[in-house]
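Peer 1: Provided herewith is a single structure, encoded as structure tokens, for subsequent inquiry.
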Amino acid sequence: MPSKRDYYEILGLSKSASLDEIKSAYRKLAMQFHPDRNKEAGAEEKFKEISEAYAALSDPQKRQVYDQYGHAGFDQRFSQEDIFRNADFGDFQDLFRSMGFSFGEMDEDSHFGGMFGSMFGMPRRQTGRHLQAEVSVTLQEAAKGASRTIEYRRQAPCDTCSGSGARPGSGLKDCAKCHGRGQVQQVRNLGGFGRIATVAPCQNCRGRGQIPGRECEECAGRGYRAKEESIEVKIPQGVDDGMRLRLSGLGEMGPDGPGDLLVRVHVRPDERFEREGEDLHVQVPISYTMAVLGGKVRVPTLDGEAEMSVPAGTQSHTVLRLRGEGLPRLHGKGKGDLLAQIIIEVPKRVDERQKELLRRLDEEGKEKKKGKWF
Ligand SMILES: [Zn+2]
Ligand SMILES: [Zn+2]
């Protein structure tokens with residue numbers, strides 16, 4: 001394990017810093033490195049580091065141990081969980097939430113995982129696993145929105161006991177281990193620093209304080225059992241390839257509730273259109289004559305066809321824009337554009353008469369050029 005940096009150094013403080021100084025240093029750094037704001041590599045690690053330093057130094061008892069024994073002695077006495085347990089993050093929790101940052105979320109998918117679970121003295125919630133599914137749609141479906149039925153197997157709430165784990169009619173009774181309190185006290189010895197008492201959720205009843213009078217036979221008291229599910233997923237219009245939809249609560253059931261079902265959407269490549277965000281690119285072949293004289297050409301769109309004017313004297317590979325013929329913006333208003341690239345097609349075969357006409361055209365062109373230049 002790499003050696004840890006000094007907690008004071010991490011927060012940019014001197015050893016004599018006051019609690020107010022510790023708080024204000026943490027506030028400043030946390031705003032800077034919060035992973036919801038700072039997307040740079042290493043920001044999350046940095047955020048964890050400053051949070052740990054703050055948790056340790058803002059608690060007078062822990063700070064005293066740290067000052068006297070340094071990291072080595074501190075780590076012997078406090079586990080990562082101990083450091084965050086009962087730490088006073090109250091002010092910051094509100095501050096971050098008011099800014100729309102996540103903080104203390106119990107979701108295993110969030111940035112912080114178990115760290116913040118123990119930070120607030122709460123047990124890490126054992127929600128069930130997230131499950132994954134994949135669907136694929138055509139570009140047209142991505143433009144219009146679609147729906148798919150997903151069939152999968154998961155641990156789902158037991159129908160017999162409605163997820164309570166209790167045999168119907170048998171009711172609930174107080175947990176014998178915690179006497180219905182849902183919590184048990186744990187006393188830890190801190191060497192020369194006396195003992196600290198912490199309160200932890202009761203393992204026997206998972207903090208609920210009550211257990212089933214008699215276990216449900218269908219699910220053996222767990223409250224959930226394997227089940228085949230069939231659910232319809234709405235795919236929003238404008239969906240991009242690789243996007244993930246979260247169907248909350250439809251994952252595996254666990255002791256403290258279900259995880260989520262995460263559906264990855266694949267948008268299949270299209271033969272005609274190339275997608276770039278909300279815009280579409282398409283190639284439109286036109287004849288040499290049309291390029292010279294101008295005219296109207298039919299352009300494929302997602303819905304069918306559109307007519308487009310080609311100005312006289314259009315060069316090959318010119319891009320013309322058809323507004324609003326692209327894809328709808330996801331969760332927004334309006335649509336992207338269709339960008340049509342003009343490709344001048346050179347005929348592969350011409351007959352004698354056409355050859356003659358072209359030669360005459362060429363001669364005339366040369367004459368004109370001469371006249372222009374001389
Ligand atoms: Zn049951
Ligand atoms: Zn209990």
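Peer 1: So how compact is segment 321-374: Cα radius of gyration and Dmax in angstrom?
Peer 2: Using the Cα atoms of segment 321-374, the pair Rg, Dmax is 22.0, 62 Å.
Peer 1: Another question, then. Please give the Cα centre distance for segment 17-92 versus segment 322-353, rounded to the nearest Å.
Peer 2: Each part reduced to its Cα centre gives a spacing of 57 Å.
Peer 1: Rounding to the nearest 10 and keeping the result within 0 to 90°, find how far the Cα-based axis of helix 19-33 lies from the longest principal axis of the chain.
Peer 2: On a 0 to 90 degree scale, this one is about 30.
Peer 1: Quick check on segment 39-88: what does the Kirkwood estimate of hydrodynamic radius come out to from the alpha carbon pairs, in Å? Can you show the working numbers first?
Peer 2: Values: mean 1/r = 0.0882 Å⁻¹.
Evaluated on segment 39-88, it is 11.3 Å.
Peer 1: If you don't mind, another one. For segment 274-369, what are the per-bin percents of Cα-Cα distances with bins 10 Å wide, up to the bin holding the maximum?
Peer 2: Final binned percentages: 15, 36, 26, 14, 8, 2.
Peer 1: What is the calculated FRET efficiency for GLU356 to GLN283, with r their C-beta to C-beta distance and R₀ = 35 Å, to the nearest 0.05? Walk me through the numbers on the way to the answer.
Peer 2: Numbers: r = 31 Å, r/R0 = 0.90.
Calculated value: 0.65.
Peer 1: So, one more: What's the angle, to the nearest 10 degrees (0 to 90), between helix 352-373's Cα axis and the longest principal axis of the chain?
Peer 2: 90 degrees
Peer 1: If you don't mind, there's one more thing I want to ask. Accessible area of the chain with a 1.4 Å probe: how many percent of it is carbon plus sulfur?
Peer 2: Numbers: 10520 of 22250 Å².
It is 47 percent, rounded to a whole number.
Peer 1: Roughly how many Å² is the accessible area per residue of the chain, as a whole number, for a 1.4 Å probe?
Peer 2: On the way: 22250 Å² over 374 residues.
Ligands and nucleic acids excluded, the result is 60 Å² per residue.
Peer 1: Once Lys and Arg get +1 and Asp and Glu get -1 on their Cβ, which of HIS331, LEU320, GLN283 lies farthest toward the positive end of the dipole of segment 274-369?
Peer 2: LEU320
Peer 1: Say we join alpha carbon atoms closer than 10 Å with springs in a Gaussian network model of the chain; which of PRO201, PRO328, PRO60 then has the biggest fluctuation?
Peer 2: PRO60
Peer 1: Sorted by packing (mean other beta-carbon atoms within 10 Å per residue), highest first, where do 10-19, 232-241 land? Intermediate values should be presented prior to the final figure.
Peer 2: On the way: 10-19: 13.9, 232-241: 15.8.
In descending order of packing, they fall as 232-241, 10-19.
Peer 1: What is the ratio of the Cα radius of gyration of segment 166-269 to 2.2 N^0.38 Å, with N the residue count, to two decimals? Numbers along the way, then the final one.
Peer 2: Working: Rg = 21.7 Å, N = 104, 2.2 N^0.38 = 12.8 Å.
It is 1.69.
Peer 1: If you wrap the chain's Cα atoms in a convex hull and average its projection over all directions, what's the area in nm²? Display every interim value, and only then the final one.
Peer 2: Values: hull surface 132.2 nm².
If you wrap the Cα atoms of the chain in a convex hull and average its projections, you get 33.1 nm².
Peer 1: Right, something else. Given a 10 angstrom Cα cut-off, can you work out which residue in ILE343, ILE83, ILE50 is the most mobile in a GNM of the chain?
Peer 2: Largest GNM mean-square fluctuation: ILE343.
Peer 1: Moving on to the next point. Note the full-extension length gain between LYS39 and GLN183 as 0.36 nm times their separation in residues minus their Cα-Cα distance, in nm to one decimal.
Peer 2: Values: separation 144, 0.36 × 144 = 51.84 nm, distance 3.85 nm.
Once the chain is fully extended between LYS39 and GLN183, it gains 48.0 nm.
Peer 1: Sum -39500 (n - 2.57) across every DSSP H segment of at least 4 residues in the chain, then divide by the residue count to get the 222 nm mean residue ellipticity, nearest 500. Walk me through the numbers on the way to the answer.
Peer 2: Values: 10 runs with 107 residues, N = 374.
Calculated from helices alone, the mean residue ellipticity at 222 nm is -8500 deg cm²/dmol.
Peer 1: Could you give the dipole magnitude of the chain about its Cα centre, charging the beta-carbon of Lys and Arg +1 and that of Asp and Glu -1, in debye to the nearest 20? Provide the component values of the computation, followed by the final result.
Peer 2: Values: 59 positive and 57 negative charges, 27 e Å.
That gives the chain a dipole magnitude of about 140 debye.
Peer 1: Gap in Å between the Cα centre of segment 209-229 and the Cα centre of segment 281-306?
Peer 2: Between the Cα centre of segment 281-306 and that of segment 209-229, the gap is 65 Å.
Peer 1: A further question follows. Running a GNM on the chain with Cα contacts under 10 Å, which residue among GLU364, GLU215, GLU45 ends up with the highest mean-square fluctuation?
Peer 2: Comparing GLU364, GLU215, GLU45 in the GNM, the peak value goes to GLU364.
Peer 1: On to the next question. Please report the antiparallel percentage of DSSP beta bridges with both residues in segment 274-369, rounded to the nearest 5. Could you put the intermediate results ahead of the total?
Peer 2: Details: 14 of 22 bridges.
Expressed as a percentage, antiparallel bridges in segment 274-369 total about 65.
The values are calculated or read from the model by the stated rules, or taken from the named source; none is laboratory data. It should be emphasised that the depicted structure is a prediction, and the values quoted were computed from it without experimental measurement. When we count neighbours, we look across all protein chains shown, and the Cβ atoms used for this are built from the backbone with ideal geometry, even at glycine. The accessibility values were calculated without ligands, DNA or RNA, using every heavy atom of the protein model including side chains. Shrake-Rupley method; radii C 1.70, N 1.55, O 1.52, S 1.80 Å.
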